[in-house]
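Shown next, in structure tokens, is the structure this report addresses.
The values are calculated or read from the model by the stated rules, or taken from the named source; none is laboratory data. This one's a predicted model, so the numbers in the text were calculated from it and none came from an experiment. Cβ: placed from backbone, ideal geometry, glycine included. Neighbour counts: every protein chain shown. Surface areas here come from the heavy atoms of the whole protein model, side chains and all, with no ligands, DNA or RNA. Shrake-Rupley method; radii C 1.70, N 1.55, O 1.52, S 1.80 Å.
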Amino acid sequence: MEFPFPHLVIDKKNNIILSNAHFDSKFRTEKSHAVTNLSTLIGLYKNNLLEQKCTVDLVQYKLFTTPIADTETFDVYMIELDNDKSLVGIIFIDNFDEVLDSIEEAKRPLLVALIDRKVNTMSQQVGGIVRKFENDKYVFVFSFKKLEVLKENKFDILDKIRETDLGNSTPVTLSIGIGANGETLAQNMEYARAALDLALSRGGDQVLIKDVDKFYFFGGKSKDKITNSRVRARVKAYGLVELILDSKNVLVMGHHSPDIDCLGAAVGIFKIATTLGRPCNIILNTVTFNISSFYNRIILEKPYTGHVFINNETALLLHSDKTLVIIVDTHRPQLTECPALVQKSKRLVVFDHHRKSPDFIEDSVLTYHEPFASSTCELITEMLLYIDKEIKLSATEADGMLAGIALDTKNFELKTGTKTFESAAYLRRNGADPVRVKMLFQNSMESYHAKTNTVCNAFVFETIAAISVVPEDAPYPPLVAAQAADELLDISDIQASFVLCQYEDVVAICARSLGNVNVQLIMEKLGGGGHQTVSGCQLKDTTVDQTIELLKQAISDYLKETI
């Protein structure tokens, strides 16, 4: 490939197998870039170039050919070359400082040595090289063919590290990012860094492989660890203020079919922007039943009585180069209310608490993505706490944001930390009323009947999962599915619940768990995502029965991988 003049490898039919940059620059144009036959590319119609050494006169060049191997042998060579390619991995101990703080000082060197030995043992098993370059980071180089060994072992280094016990009250976890099939080792290192960043944003304790533009996931079985760092929130708050003040106007949007966490977070951003003196609009195309109670209350208050809520068409008209677009409760561009606005805008801010997917928004100017947070409303409430300018929420605004936290924590039962309750206390001081919040979640009698029927018709799969389907005549099927999935977790021995519903042109699955089963990994097998305890997906061009079979297979595969 580094030959100093045009050089290529062809087969007996003159098809180009490999070519170097010198050949491509001399003989390929934009129109002929996809041409893979030498005869067609340079107008040479001579067969049997590879029967023996020969020299062919061209207009400006001489073509020298030398037979090296038959095609089958060459293919074997290429496979061997692929297997000998070097992969680069970065190993990171997720909670190094926290673990050391949890044990007595005399044992800390022993714990570090034990972790080092386990990492080095893994490297030796695959004939690789590992070097420690920081207290909690290693670089790991090994051959492509040994990757299968690690896959077959299900990257058991994660379990071995987690089992490390020298009296530390906090289990040790690590994450690994691996870069594969880059053109150079340096590019594989870039892939490894990107994979590690994604692994950490998904909660850590997992392995991610980035193979050019594809991601492969392993691990991710442990529960999310709640963090209590306020420095990051304060820095993000300062950054948000600067971006808003540097903007002409602000547009806020969440995911399509928004829930009350999504709308509550958008209202919080609206309050910040307008307090800082910048015009702000919330993009909302459809008022779903999930948010109708809160929406009907908020639009009766100033300034929401005006044209605060807009649709996609109006948003695109209001957008300019000085517009700040803030996305809440999702980080995936195709799930936003207006994907076209994501593509158009050069000034994007993302606030989200869902575990990161590979198709995340990469070119944002500010991202506060915290998978340990209970909800996006919690993240936005943190912004309110750390912004210097005093912001006074109305009682209705505070109700909506508290309802968002209550929704995603199942009334403060799941995924709560100290910051969750601090945020709730702040909203309570600003006038939020738990009774009014509860009223935002009231159902009609028809939807309540549909929920109880869904729970009654559930069946148990693989002894730990409950599966059910929302009746076809149910009002607001997605809401009924979510509520029924929550109810099913109250049944003894049920560790995960999956409720299907069909509406419009999709079959949706609402997945819930108590934490021992990672429903996010199961939903990702079907193209969805979410959290370890709250997740979902939508499938098109399928039936409910077909989706149930796909779901059963995904659950079975997950259980095989985690045993």
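Do any residues in the stretch 416-445 that are under 22 Å from residue 531 (Cα atoms) and in contact (Cβ under 8 Å) with a residue 12 or more places away in the chain have Cβ atoms under 7 Å from those of residues that are open to solvent by less than 20 Å² (accessible area, probe 1.4 Å) and among the hydrophobic types (A, V, I, L, M, F, W, C), where the two are at least six apart or on different chains, and which pairs are they?
Filtered contacts from the stretch 416-445: 420/405; 423/405; 424/402; 424/405.
Which condition does residue 376 not pass, out of (1) of a type in the set (S, T, N, Q); (2) at pLDDT 90 or above; (3) out of contact with any Phe, Trp or Tyr (no Cβ under 9 Å at 6 or more places or on another chain), if it passes all the others?
All conditions are met except number (3).
Quick one: in the stretch 221-242, of everything that is modelled with pLDDT of 75 or more and within 22 Å of the chain's Cα centre (by Cα), which residue is farthest from residue 326 (Cα to Cα)?
Ranking the qualifying residues of the stretch 221-242, first place goes to 232.
I'd like the full set of residues that are charged (D, E, K, R) and without any contact (Cβ under 8 Å) to a residue 12 or more places away in the chain, limited to the stretch 102-157.
105, 108, 117, 131, 134, 148, 152, 156
Answer yes or no as to whether residue 493 is in contact with a strand residue (DSSP E or B) (Cβ under 9 Å, 6 or more places away or on another chain), over 24 Å from residue 371 (Cα atoms) and not β-branched (Val, Ile, Thr).
Considered against the rule, which asks whether it is in contact with a strand residue (DSSP E or B) (Cβ under 9 Å, 6 or more places away or on another chain), over 24 Å from residue 371 (Cα atoms) and not β-branched (Val, Ile, Thr), residue 493 comes out as yes.
Please go through the stretch 419-469 and give me each residue that is closer than 29 Å to residue 498 by Cα, in contact with a helix residue (DSSP H, G or I) (Cβ under 7 Å, 6 or more places away or on another chain), outside any helix (DSSP H, G or I) and of a type in the set (Gly, Ala, Ser), ordered by number.
Correct list: 458, 465, 466, 468.
Looking at the stretch 515-534 only, could you name the residues that are closer than 21 Å to residue 462 by Cα and touching a residue at least 60 places away in the same chain (Cβ under 8 Å)?
Matches in the stretch 515-534: 515, 518, 520, 521, 524, 532, 533, 534.
In the stretch 147-159, which residue that is surrounded by fewer than 16 Cβ atoms within 10 Å (Cβ to Cβ) and of a type in the set (D, E, K, R) is nearest to residue 216 (Cα to Cα)?
So the residue we want is 151.
I need a count of the residues in the stretch 163-214 that are part of a loop (DSSP other than H, G, I, E, B), in contact with a Gly (Cβ under 8 Å, 6 or more places away or on another chain) and open to solvent by less than 10 Å² (accessible area, probe 1.4 Å).
Summing the residues that are part of a loop (DSSP other than H, G, I, E, B), in contact with a Gly (Cβ under 8 Å, 6 or more places away or on another chain) and open to solvent by less than 10 Å² (accessible area, probe 1.4 Å) in the stretch 163-214 gives 4.
Suppose we filter the stretch 165-194 for residues that are without any contact (Cβ under 8 Å) to a residue 60 or more places away in the chain and of a type in the set (A, V, I, L, M, F, W, C); how many remain?
Adding up the residues that qualify gives 2.
Among helices (runs of 4 or more DSSP H) lying entirely in the stretch 300-401, which contain 2 or more residues that are polar (S, T, N, Q)?
312-318, 376-386
Residues being under 18 Å from residue 219 (Cβ atoms) and in a helix (DSSP H, G or I): count how many of those fall in the stretch 523-554.
Going through the stretch 523-554 one residue at a time, the tally reaches 3.
All but one of (1) surrounded by fewer than 24 Cβ atoms within 10 Å (Cβ to Cβ); (2) in contact (Cβ under 8 Å) with a residue 40 or more places away in the chain hold for residue 499, so report the exception by its number.
Unmet for residue 499, out of (1) surrounded by fewer than 24 Cβ atoms within 10 Å (Cβ to Cβ); (2) in contact (Cβ under 8 Å) with a residue 40 or more places away in the chain: (1).
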